[in-house]
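To start, the structure under review is shown below, and the notes come after it.
The values are calculated or read from the model by the stated rules, or taken from the named source; none is laboratory data. Just so it is clear, the model here is predicted, and its values are computed rather than measured. Because the Cβ atoms are built from the backbone with ideal geometry, glycine has one as well, and the counts that use them run over all protein chains shown.
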Amino acid sequence: MRLVFAGTPDFAVPSLAACLASGAQVVAAYTQPDRPAGRGRQLAASPVKQAALAAGVPVEQPETLRDKAARARLAAYAPDLIVVVAYGLILPKSVLALPRLGCWNVHASLLPRWRGAAPIQRAILAGDAESGVDLMQMEAGLDTGPVLLEARTPITPDDTGGTLHDRLAALGAQVLGEGLARVLRGETLTAIPQAEDGVVYAHKLDKAEARLDWNQPAAALARTVRAFDPWPVAEGVLDGERLRIWAAEAVPGAHEAAPGQIVATHRDAIDIATGEGLLRIRELQREGGRRIGVRDWLNARRQGGSAR
């Protein structure tokens, strides 16, 4: 089976590895063009490009697949299947119809809940108890295709956007590997249409969403902190200082303080008044500084210095 893989970020790398290990012939890896990254804004290769080159897989980086020449080059690879994992480019109908087995997508949610760009963070923000990955047969609509295989995982109270991302990336590779193995054995996977009810869209993250509004309930603020770790990281203003908040939890407690006021300090945490309950902050970061524990921040405040 000739397979073309299309993906860009870290999330897609385990799935590329699953394709390479499956016994299929990965004839090309498609990924986004190199983009400026880091403080120097130097052009950087995507994680998928780096992994593909290391495995000796030819890499293609078209700006779009709507271009006739780009589609012709893809067709020349004569793929039996295209596997798409967080690629970042829209596949036109002509591309979807190109492979004999169509196009598969590994999506990090339990469809039809959280179709779209940011399903991992949206699930945490909403307080979902469970997430998972779906192996989907792609259609022209946004994550509307029928589901071939699915795997589930609980969202724990300690999960962040980063930990859930890594777990779902591994789970996605596992499900993809199973699907490839079954097709290579000659099986036909059953495509189950998505339910018409329960459709929710996971819109792209906006940095403005990471600004904590102390008038919200502590439970919602704690979910925001978890969801936006490691990006874009929650921010809040305490005593006039803007801080990035890395670790926090909601704790019960009645108070009469104004939202945003520090109501208690502990050895390694501070309690902040919110619209409902208290937010206990354990790790934060000052502007231009590094991520530190609250104890270091409190010591710096007492000494009138900086914990950078």
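Of everything in the range 175-201, what is surrounded by 15 or more Cβ atoms within 10 Å (Cβ to Cβ) and not in a strand (DSSP E or B)? Give them in sequence order.
The answer is VAL175, LEU176, GLY177, GLU178, GLY179, LEU180, ALA181, VAL183, LEU189, GLN194.
Failed condition for GLN303, given (1) buried (at least 17 other Cβ atoms within 10 Å of the Cβ); (2) at pLDDT below 95, with all others met?
Unmet condition: (1).
Can you say whether ALA44 is surrounded by fewer than 17 Cβ atoms within 10 Å (Cβ to Cβ), assigned by TED's automatic domain parsing to the domain that holds ASP134 and in contact with an Asp or Glu (Cβ under 8 Å, 6 or more places away or on another chain), as far as the supplied structure shows? Walk me through it before giving the result.
Working: surrounded by fewer than 17 Cβ atoms within 10 Å (Cβ to Cβ): yes; assigned by TED's automatic domain parsing to the domain that holds ASP134: yes; in contact with an Asp or Glu (Cβ under 8 Å, 6 or more places away or on another chain): yes.
Here the answer is yes, as ALA44 does meet what is asked.
In the range 61-109, how many are in contact with a Cys (Cβ under 8 Å, 6 or more places away or on another chain) and farther than 21 Å from LEU20 by Cβ?
3
Please go through (1) within 26 Å of GLY162 (Cα to Cα); (2) surrounded by 16 or more Cβ atoms within 10 Å (Cβ to Cβ) for GLY260 and return the number of the only condition it doesn't satisfy.
The single condition GLY260 does not satisfy is (1).
Please pick out the residue among LEU53, LEU3 that is at pLDDT 95 or above and either under 19 Å from LEU101 (Cα atoms) or loosely packed, with under 13 Cβ neighbours inside 10 Å (or both).
Exactly one of LEU53, LEU3 is at pLDDT 95 or above and either under 19 Å from LEU101 (Cα atoms) or loosely packed, with under 13 Cβ neighbours inside 10 Å (or both), namely LEU3.
Mind telling me which of the residues SER22, SER46 ends up being touching a residue at least 24 places away in the same chain (Cβ under 8 Å), in contact with a Leu (Cβ under 9 Å, 6 or more places away or on another chain) and of a type in the set (Gly, Ala, Ser)?
SER22
Is it fair to say TRP114 is over 30 Å from ASP158 (Cα atoms), under 20 Å from the mean Cα position of the chain (by Cα) and among the aromatic types (Phe, Trp, Tyr)?
no
Could you grab the pairs with beta carbons closer than 8 Å, sequence gap of 6+ or different chains, first residue in the range 72-92 and outside any loop (DSSP other than H, G, I, E, B), second one of a type outside the set (S, T, N, Q) and loosely packed, with under 14 Cβ neighbours inside 10 Å?
Cβ pairs passing all conditions: LEU81/ARG100.
Filter the range 101-130 down to residues that are more than 25 Å from LYS49 (Cα to Cα) and either in a loop (DSSP other than H, G, I, E, B) or hydroxyl-bearing (Ser, Thr, Tyr) (or both), then give me how many there are.
Residues in the range 101-130 being more than 25 Å from LYS49 (Cα to Cα) and either in a loop (DSSP other than H, G, I, E, B) or hydroxyl-bearing (Ser, Thr, Tyr) (or both): 7 in total.
Collect the residues in the range 224-241 that are touching a residue at least 12 places away in the same chain (Cβ under 8 Å), outside any strand (DSSP E or B) and small (Gly, Ala, Ser), keeping them in residue-number order. First the steps, then the outcome.
Here is the first cut: in the range 224-241, the residues touching a residue at least 12 places away in the same chain (Cβ under 8 Å) are 224-239, 241.
Going one step further and asking which of them are outside any strand (DSSP E or B), we end up with 224-233, 239.
Scanning the range 224-241 gives a single hit, ALA227.
Among the residues of the range 227-243, which ones are farther than 16 Å from ALA269 by Cβ, buried (at least 17 other Cβ atoms within 10 Å of the Cβ) and not aliphatic (A, V, I, L, M)?
PHE228, ASP229, PRO232, GLU235
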